[in-house]
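Report on one structure; see the data block that follows.
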Amino acid sequence: MFAIGLDFEARRVAELDLPEPDAPGPGQLRLRVLEVGLCGTDRELSEFEIGEPPPGEHALTLGHEALAEVVEAGPRTKLQPGDLVAPLVRRPCLPGCAACRRLRRDLCLSGGYTERGILGLHGYLREWVVDDESDLVAVPADLASIAVLAEPLSVVEKGLTTAERVHPLGPARALIFGAGPVGLLAALACVARGWEVEVFSLEPPNHPNAELARRGGARYSNETPSAKADVVLECSGAPAAARQGLDWLAPLGVMVLIGAADFDVRFPGFRTVMENQTVTGVVNASPEHFATAVSDLARFDRGVLQAMIHRRALKDWRAALGGEGAEAPKSVLAVAG
Ligand SMILES: [Zn+2]
Ligand SMILES: [Zn+2]
């Protein structure tokens with residue numbers, strides 16, 4: 001079966017020939033992959049900065065943001081052929097740390113987890129896959145054109161859930177650093193919560209991403225944010241943004257780091273104490289956050305979501321991975337047909 005991934009022996013990204021998956025066992029489903037979204041993680045993988053093939057193999061199929069269709073259901077499953085699903089990325093560690101046992105694989109403490117398309121498990125840039133039903137989130141058919149965004153949104157949902165839980169009075173204003181796909185999804189998620197939202201990024205105000213932020217209901221600025229915020233979301237991955245973000249946190253504010261850059265910032269400890277602030281980081285997402293992401297997609301501005309996506313033919317995978325010719329913030333490869 002056709003697949004695209006990393007050949008760790010030749011150190012190159014290549015078309016792979018993967019064996020067809022077995023028939024689905026109890027609790028499993030055979031899926032036809034419809035499309036796969038690409039992100040910065042895929043670019044880091046392509047440079048062999050991160051990533052690991054499955055044990056005993058020398059290649060790793062890429063693709064961790066996917067939309068798929070059930071084609072065959074194993075015994076004791078609820079989903080049926082024709083149903084659409086968004087797969088989770090991470091698989092819990094075994095036999096299960098305290099977090100994985102409580103269905104919080106995203107908080108895995110042992111480090112023994114695997115991740116489709118990233119760490120020790122083949123991803124979704126291929127025709128077929130068999131997954132456990134517990135690793136899939138059902139997607140209503142009318143969300144088919146945007147559901148590939150469920151995975152990146154799930155991480156945002158996790159960050160916002162934390163911020164809502166931690167902020168003592170409940171947030172009313174959010175400031176988002178970065179106007180890429182994650183920043184734009186964060187803006188839509190904050191607007192949907194009824195907050196006042198500002199996106200701050202380096203692109204000029206006439207940049208298409210800035211336009212999308214405004215269309216989604218956010219204010220956009222590239223010079224200086226207009227006011228401090230109850231929630232600051234760092235979605236750019238730029239160390240300077242993380243440092244700057246701390247200065248725009250209001251009293252009681254919660255800063256959420258989503259962009260995973262390797263950085264150390266000088267931390268304003270005294271102010272954090274005196275203003276009862278919180279700084280937190282989030283990675284990956286639980287099944288619950290995925291489900292929230294899918295239901296939130298239904299209430300976001302559909303036009304903005306669709307304008308965020310540039311669908312490309314599978315044969316253009318190399319250009320898409322390299323970010324060449326991108327016409328929208330999120331490149332999506334059409335895997336099926
Ligand atoms: Zn991603
Ligand atoms: Zn674990």
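The values are calculated or read from the model by the stated rules, or taken from the named source; none is laboratory data. All figures in this text were calculated on a predicted structure; none of them were measured in a lab. Every residue, glycine as well, gets a Cβ built from its backbone with ideal geometry; the counts of neighbours run over all protein chains shown.
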- [ ] Sort out for me the helices (runs of 4 or more DSSP H) sitting completely within region 261-328 that have 3 or more residues that are more than 22 Å from residue 237 (Cβ to Cβ) and modelled with pLDDT under 95.
- [x] 269-274
Open item on the list: On the basis of being more than 8 Å from ligand 2 (Cβ to nearest atom), of a type in the set (D, E, K, R) and within 16 Å of the chain's Cα centre (by Cα), does residue 135 make the cut?
Closed with: yes
Task: Contacts under 6 angstrom Cβ, first residue in region 24-42 being assigned by TED's automatic domain parsing to the domain that holds residue 322 and of a type in the set (Gly, Ala, Ser), partner in a strand (DSSP E or B) and within 16 Å of ligand 1 (Cβ to nearest atom), 6 or more apart - done: 37/65; 37/330; 37/332
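So, in region 29-71, of the ones that are basic (Lys, Arg) and either touching a strand residue (DSSP E or B) at 6+ places or on another chain (Cβ under 9 Å) or closer than 15 Å to residue 88 by Cα (or both), which residue ends up farthest from ligand 2 (Cβ to nearest atom)?
Ranking the qualifying residues of region 29-71, first place goes to 32.
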- [ ] Kindly state which strands (runs of 3 or more DSSP E) lie completely within region 124-199 and contain at least 1 residues that are under 20 Å from residue 244 (Cα atoms) and in the same structural domain as residue 251 (by TED's automatic domain parsing).
- [x] 173-177
- [ ] Run residue 150 past the list (1) among the small types (Gly, Ala, Ser); (2) closer than 28 Å to residue 224 by Cβ; (3) within 16 Å of ligand 1 (Cβ to nearest atom) and report the number of the one that doesn't hold.
- [x] (2)
Task: Selection count, region 49-63, where residues are more than 16 Å from ligand 1 (Cβ to nearest atom) and surrounded by 18 or more Cβ atoms within 10 Å (Cβ to Cβ) - done: 2
Open item on the list: Given the criterion in contact with a helix residue (DSSP H, G or I) (Cβ under 7 Å, 6 or more places away or on another chain), crowded, with 19+ Cβ neighbours inside 10 Å and touching a residue at least 40 places away in the same chain (Cβ under 8 Å), identify the matching residue among 121, 84.
Closed with: 84
Task: Search result, residues across region 64-102 that are acidic (Asp, Glu), farther than 12 Å from residue 139 by Cα and away from ligand 1 (no atom under 16 Å from the Cβ) - done: 72
Task: Residues being of a type in the set (A, V, I, L, M, F, W, C), farther than 20 Å from residue 45 by Cβ and out of contact with any Leu (no Cβ under 9 Å at 6 or more places or on another chain) - total across region 87-123 - done: 4
TODO: Test each condition in (1) assigned by TED's automatic domain parsing to the domain that holds residue 105; (2) surrounded by 14 or more Cβ atoms within 10 Å (Cβ to Cβ); (3) not basic (Lys, Arg) for residue 313 and report the one that comes out false.
DONE: (2)
- [ ] Kindly indicate whether residue 21 is modelled with pLDDT under 95, in the same structural domain as residue 124 (by TED's automatic domain parsing) and either over 20 Å from residue 148 (Cβ atoms) or exposed (fewer than 13 other Cβ atoms within 10 Å of the Cβ) (or both).
- [x] yes
